[in-house]
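K.L.:
Please see the structure below; I have some questions.
The values are calculated or read from the model by the stated rules, or taken from the named source; none is laboratory data. Here the structure is a predicted model, which means the values were calculated and not measured. Here the Cβ positions follow ideal geometry from the backbone for every residue, glycine too, while neighbour counts run over all protein chains shown.
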Amino acid sequence: MANGRVRRHSGLVRFIHCSVALSTFLLIFSGLGQLPLYKRYMVDRLPGLSWSSDFGVTLIIHYVAAVWLIFAVVLHVAYHAARREFDLIPRRGDFKESWLIIKAMFGKGEEPPADKYLAEQRLAYAYMALSFFIIIVTGFIKVLKNLPSVALPHGVVTWATNLHNVATVLLILGIGAHLAAFLLKPNRPLILSMLTGYVSEEYARRRHPLWYRRIKGGEG
């Protein structure tokens, strides 16, 4: 805590966040390209995107992005487990607290005292984590079925493909909701925190008083 700012995210956390965001974008973009949507809707005619309808190219991008995502997820889990930081794990009462926070942002009552993460952020984390888990597991199965030495039951492949597609749609909806949350003024300081790692001390004290008191007490 210095110069009126509070450190919210370490450099490694921000690297992981950016890695997940960029690899996810590449996975979605390359995955849609394999349907193939980009030739049908002439996306491949846009400047610089002629490669987007090439199945071989999009498949390589998809695999590279998948490895990048898995690396980031493993690093995320290992980092926070080693530091015993479980602030993002959902807690009892998060649904009720989320409703109170949402109402407060629209001028209906006051927000309940929050820890480092708001209740709806913890619920969103669980939603996104489940989506990623399904996508990674089913993606692994889809890769296995392409290996000449592996013979998987048709039903397993069908279920894996369907779950992979459903989880992808859920992930896209989750990303949309995640980005839409920043349209609300109280959430906007968090955007800068993912770039710089810091929020203002005033913001931490006002919106995350439980977290602020804990780190303030740790200074002394």
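K.L.:
Give segment 30-41 a look and list any residue that's free of Cβ contacts under 8 Å to residues at least 12 places away in the same chain and under 24 Å from Gly176 (Cα atoms), or say none.
P.N.:
Once the filter is applied, which keeps residues that are free of Cβ contacts under 8 Å to residues at least 12 places away in the same chain and under 24 Å from Gly176 (Cα atoms), segment 30-41 yields Leu32, Leu35, Leu37, Tyr41.
K.L.:
Ok, one more. Using the structure shown, decide if Gly197 is surrounded by fewer than 13 Cβ atoms within 10 Å (Cβ to Cβ) and small (Gly, Ala, Ser).
P.N.:
No: the conditions fail for Gly197.
K.L.:
Tell me, please, whether a residue that is touching a residue at least 12 places away in the same chain (Cβ under 8 Å) and assigned to a loop (DSSP other than H, G, I, E, B) can be found in segment 174-186.
P.N.:
yes
K.L.:
Restricting to segment 101-122, name every residue that is of a type in the set (A, V, I, L, M) and surrounded by fewer than 17 Cβ atoms within 10 Å (Cβ to Cβ).
P.N.:
Ile102, Ala104, Met105
K.L.:
Shifting gears a bit: Would you mind stating whether Met128 is touching a Gly at 6+ places or on another chain (Cβ under 6 Å) and in a helix (DSSP H, G or I)? Steps first, answer last, please.
P.N.:
On the way: touching a Gly at 6+ places or on another chain (Cβ under 6 Å): yes; in a helix (DSSP H, G or I): yes.
Yes.
K.L.:
Identify all residues within segment 97-130 that are modelled with pLDDT of 90 or more and farther than 20 Å from Arg205 by Cα; write none if there are none.
P.N.:
Within segment 97-130, Trp99, Leu123, Ala124, Tyr125, Ala126, Tyr127, Met128, Ala129, Leu130 qualify.
K.L.:
Is it true that some residue in segment 28-45 is at pLDDT 95 or above, charged (D, E, K, R), surrounded by 15 or more Cβ atoms within 10 Å (Cβ to Cβ) and in a helix (DSSP H, G or I)?
P.N.:
Looking for residues that are at pLDDT 95 or above, charged (D, E, K, R), surrounded by 15 or more Cβ atoms within 10 Å (Cβ to Cβ) and in a helix (DSSP H, G or I), one finds none in segment 28-45, hence no.
K.L.:
Also, I was wondering about something else. With the checklist (1) within 26 Å of Leu12 (Cα to Cα); (2) outside the structural domain of Arg14 (by TED's automatic domain parsing); (3) surrounded by 13 or more Cβ atoms within 10 Å (Cβ to Cβ) in hand, flag the one item Pro209 doesn't pass.
P.N.:
Just one mismatch for Pro209, condition (2).
K.L.:
If you check Lys103 against the conditions, is it in contact with a Gly (Cβ under 7 Å, 6 or more places away or on another chain), in the same structural domain as Gly174 (by TED's automatic domain parsing) and either β-branched (Val, Ile, Thr) or farther than 29 Å from Val166 by Cβ (or both)?
P.N.:
Spelling it out, Lys103 is indeed in contact with a Gly (Cβ under 7 Å, 6 or more places away or on another chain), in the same structural domain as Gly174 (by TED's automatic domain parsing) and either β-branched (Val, Ile, Thr) or farther than 29 Å from Val166 by Cβ (or both).
K.L.:
Which members of segment 47-77 meet the condition of being buried (at least 16 other Cβ atoms within 10 Å of the Cβ), within 13 Å of Leu22 (Cα to Cα) and of a type outside the set (A, V, I, L, M)?
P.N.:
Those that are buried (at least 16 other Cβ atoms within 10 Å of the Cβ), within 13 Å of Leu22 (Cα to Cα) and of a type outside the set (A, V, I, L, M): His62, Trp68.
K.L.:
Any chance you could count how many residues in segment 191-207 are touching a residue at least 60 places away in the same chain (Cβ under 8 Å), under 22 Å from Ile16 (Cβ atoms) and in contact with a strand residue (DSSP E or B) (Cβ under 8 Å, 6 or more places away or on another chain)?
P.N.:
So the count comes out to 5.
K.L.:
Is one or more of the residues making up segment 84-93 free of Cβ contacts under 8 Å to residues at least 60 places away in the same chain and under 27 Å from Phe29 (Cα atoms)?
P.N.:
The answer is no, given that none of the residues of segment 84-93 is free of Cβ contacts under 8 Å to residues at least 60 places away in the same chain and under 27 Å from Phe29 (Cα atoms).
K.L.:
When segment 43-89 is examined, which residues are found to be of a type in the set (D, E, K, R) and either within 22 Å of the chain's Cα centre (by Cα) or assigned by TED's automatic domain parsing to the domain that holds Ala129 (or both)?
P.N.:
Filtering segment 43-89 for residues of a type in the set (D, E, K, R) gives 44-45, 54, 83-85, 87.
Passing the criteria: Arg83, Arg84, Glu85, Asp87.
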